[in-house]
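The values are calculated or read from the model by the stated rules, or taken from the named source; none is laboratory data. Here the structure is a predicted model, which means the values were calculated and not measured. Every residue, glycine among them, receives a Cβ derived from its backbone with ideal geometry; neighbour counts consider all protein chains shown. Side chains included, ligands, DNA and RNA excluded: accessible areas come from the protein's heavy atoms. Shrake-Rupley method; radii C 1.70, N 1.55, O 1.52, S 1.80 Å.
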Amino acid sequence: MPSTLSQQLHGLRVKLLRRHEHRPFVSCLVGLYGCRWRRHERSGTQPGDCCCNKVEGFSFALLVVAFCLTLVFLYFWGQAGNDYNDFDWFNFGNLGFWFPWSVVLLVIAAGFFSYVTVLMLLAVCLLSEGQKLQLHWSHKIGILVSLTFSVVATAVLSDLWSKEWTTLLLSFQVTAPHLHVGGVLLMTSLAWPVALHVFRMNSRVKRGLITGVFLTALFALYMVPLGLYSPCIKEEGTLGPAPALIGHRGAPMLAPENTLMSFEKAVEAGSDGLETDVTISLDGVPFLMHDHTLRRTTNVHDVFPNRTDTPAAMFSWTELESLNAGSWFLSHDPFGTAGSLGAEERQRAGNQSVCSLLVFLQLAAQTHKLVIFDLYRPPRGHPYRDSWIQRTLEVIHNESSINSSQVLWLPSDLRVLVQETDPELQQTSGSRLPLDELQSNHIVKLNLHYTSMSIELIREHAAVNVTTNLYVISQPWLYSLAWCTGVHSVTTNAPQLLSILTSPLLLISPDAYKLMWILTDVLSFMLILIIFYFHWWRERRLSFCSDGKTTLDNGTYSKFRTEMSDIWSVSSSKSQTEKMANLATVTEH
């Protein structure tokens, strides 16, 4: 029994010391990576050899850089999804025609990243199989194209949309705890090919350099949580109420923006308030329009082809009523949601007209919703150039039935006069001002871009009874971050999506995160130690081969100067004995 166990252990050691070549797998890897499909074109590394020559080493380094940059850009643009609509309309204003460039850019970025990632996986698998890297020239061109795209796209977007880098940093506050776990798993999986080639190198300098770089990166990754901050790592019971929702131009994903249908959809979706933009017509009727022209959201090019670029305020209300303000929503489908509307709703959306401020205020009054709006001053030569604020107040006080307390008054012009005229209006500031100035101007709410989000800002102003509204937040992860940060309300394009969230995404307690962090690091470190020890042990044992060579398991294995050679000798003797016995039997017959 002991001898049988000993033989089994010896047999296991022999199997561990063999280098197995998985022929079909390696052939496929070599074919995909280097377009070399014939078996004789494969080339494995021998102990002491490098995994590639200088040219291939540079190509592999370029592949790693391309992988990192395409990953960064894809993550960057993926997290920028909250502002895709702004990006597309910005391009519309410059190019003159509508196209979902944001989605096209995302698809291209995902395609390049997928391509580079596949090449990275092939390279890692080849290294794990002890094969030399020989990248085909077509893939080298593909890597250069991917790298160029990522660099150029990042540079251009950084110049045009620098705020998106702040969005990226905000996203880390939500995703960093989970990205850390993914990074540790990635480094752990790379330990196998790294250890394989480190212990096959003859140069101690290269061996120490590669090992040092790998362990330094690994240790830095292990320590990342020490400098990590996330408001969504909270103790149970410390989470405040969900931020109130204010429909941005209504519910623009479900109906044409700034139309009556859009605001009704926002009310149905559970919005607590409604946001819009107000312009004064040539004959003094305040109406809802975000752009300074009518080109984007109406059919002005059909009805008034010679006035396409005329300011919206220079049209009379009669002319504005003759325009269609909904058909563009169905033809452009800015959010990709028009297809979700039923036939009746599509017909209604396509027949929307320009909405007046009076109709908007009446809807808010009937549904008891808060309202907030930007008020645009008419251009020079307009009859209401100097009385646009008084005209707007007339509609609020004399024509509509809304309570002044429902109005978050945002315009900063003549604020003191407005405050004296109607103290019940909720004065709202669109910029960060000193606390004493906010109090002296009776400001009760801040209306800021979401990139201003911080716990310190919220707490500092809440201490002097000033609440904070952030705009425009439409992605669930960004809304979750605002919730964890303590934001009081958000302006959103997607009230129908955010209203159904019952808790922030990726919310985790500090104890649970510490446990996840420690377990991940400890298990990773132990597994890496085992991998490195195994390769060190195997290469050390293989160095005692009698011929100094070790062939693959499909050929003849060299004998070791260890006790395992005895096992093979015994096995060989048994085979010879059996052959002699069989020969004797045949002779007798």
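For the reader, a short list of remarks on this structure follows.
- Within segment 373-389, residues that are modelled with pLDDT of 95 or more and in a loop (DSSP other than H, G, I, E, B) sit with their Cβ atoms under 6 Å from residues that are surrounded by fewer than 20 Cβ atoms within 10 Å (Cβ to Cβ) and of a type in the set (Gly, Ala, Ser), at 6+ positions apart or across chains, in these pairs: Tyr384/Gly284.
- Residues of segment 133-160 that are at pLDDT below 90 and touching a Gly at 6+ places or on another chain (Cβ under 9 Å): Leu133, Gln134.
- For segment 257-275, a residue qualifies if it is over 17 Å from Arg296 (Cβ atoms), open to solvent by less than 30 Å² (accessible area, probe 1.4 Å), in contact with a Lys or Arg (Cβ under 9 Å, 6 or more places away or on another chain) and assigned to a loop (DSSP other than H, G, I, E, B), and exactly one does: Ser271.
- Test: Asp309 is in contact (Cβ under 8 Å) with a residue 12 or more places away in the chain, closer than 14 Å to Glu257 by Cβ and out of contact with any helix residue (DSSP H, G or I) (no Cβ under 9 Å at 6 or more places or on another chain): no
- Odd one out for Trp537, checked against (1) surrounded by fewer than 20 Cβ atoms within 10 Å (Cβ to Cβ); (2) under 31 Å from the mean Cα position of the chain (by Cα); (3) not aliphatic (A, V, I, L, M): (2)
- Considering residues of segment 351-363 that are farther than 16 Å from Leu320 by Cα and open to solvent by 10 Å² or more (accessible area, probe 1.4 Å) only, the residue farthest from the chain's Cα centre (by Cα): Gln362
- Matching residues, segment 276-285, being surrounded by 20 or more Cβ atoms within 10 Å (Cβ to Cβ) and closer than 16 Å to Val407 by Cβ: Thr276, Val278
- Whichever residue in segment 311-322 is open to solvent by less than 60 Å² (accessible area, probe 1.4 Å) and over 39 Å from the mean Cα position of the chain (by Cα) and, among such residues, is farthest from Val354 (Cα to Cα): Met314
- Scope segment 68-124; condition surrounded by fewer than 17 Cβ atoms within 10 Å (Cβ to Cβ) and of a type in the set (Val, Ile, Thr); matching residues: Val72, Val103, Val104, Val107, Ile108, Thr117, Val118, Val124
- Of the residues making up segment 522-532, at least one is farther than 26 Å from Gly227 by Cα and in contact with a helix residue (DSSP H, G or I) (Cβ under 6 Å, 6 or more places away or on another chain).
- Scope segment 226-256; condition open to solvent by 20 Å² or more (accessible area, probe 1.4 Å), in contact (Cβ under 8 Å) with a residue 24 or more places away in the chain and either of a type in the set (D, E, K, R) or in a loop (DSSP other than H, G, I, E, B) (or both); matching residues: Leu228, Tyr229, Lys234, Glu235, Glu236, Leu239, Gly240, Ala242, Arg249, Met253, Leu254
- Flag for Leu126 being touching a residue at least 60 places away in the same chain (Cβ under 8 Å), touching a His at 6+ places or on another chain (Cβ under 9 Å) and closer than 17 Å to Val30 by Cβ: no
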